[in-house]
């Protein structure tokens with residue numbers, strides 16, 4: 001038979017009265033979410049890099065260097081960089097890289113991208129990243 005009691009071993013939680021305005025809290029939460037998403041994307045890229053194929057990086061910003069990839073265990077010799085010229089858009093370059101089937105992953109930086117989006121097509125992994133995301137890392 002069970003008995004009930006008013007006693008508890010759970011301590012009450014005291015909330016701080018001096019909290020930051022909601023806008024600052026929301027900004028930090030958004031930055032944390034972007035950073036988490038960026039790290040998840042880089043982990044996925046590092047896993048794909050184990051294949052003996054290229055990692056194709058399209059239109060990387062000047063702030064994105066080989067050091068970014070080396071931090072995730074990706075060797076710079078496995079990376080090829082493509083910069084667009086007049087008359088070529090980012091989607092056409094991604095389509096060309098995917099059709100060539102020489103890349104295990106295609107990472108395209110585009111200001112039109114909504115932060116970070118990625119998907120797999122066959123054995124290739126494709127990601128679109130808005131360059132503004134890099135300013136948070």
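Observations on the model:
- Ranked by how many other beta carbons lie within 10 Å on average, peptides 68-75, 122-129 from highest: 122-129, 68-75
- With 0.36 nm allotted per residue and the present C-alpha distance subtracted, the residue 98-residue 72 stretch has 7.1 nm of extension available.
- Here the contact order of segment 23-136, divided by its residue count and restricted to Cα pairs under 8 Å and six or more residues apart, works out to 27 percent.
- Each distinct pair of alpha carbons in segment 23-136 adds a 1/r term; the inverse of their mean, the Kirkwood radius, is 14.5 Å.
- On the basis of the beta-carbon distance and an R0 of 35 Å, residue 120 and residue 86 show a calculated FRET efficiency of 0.70.
Where a number appears in this text, it was derived from the coordinates with a stated rule and is not lab data. Given the structure is predicted, the values throughout are model-derived calculations rather than measurements. Neighbour counts run over all protein chains shown; Cβ positions are idealised from the backbone, glycine included.
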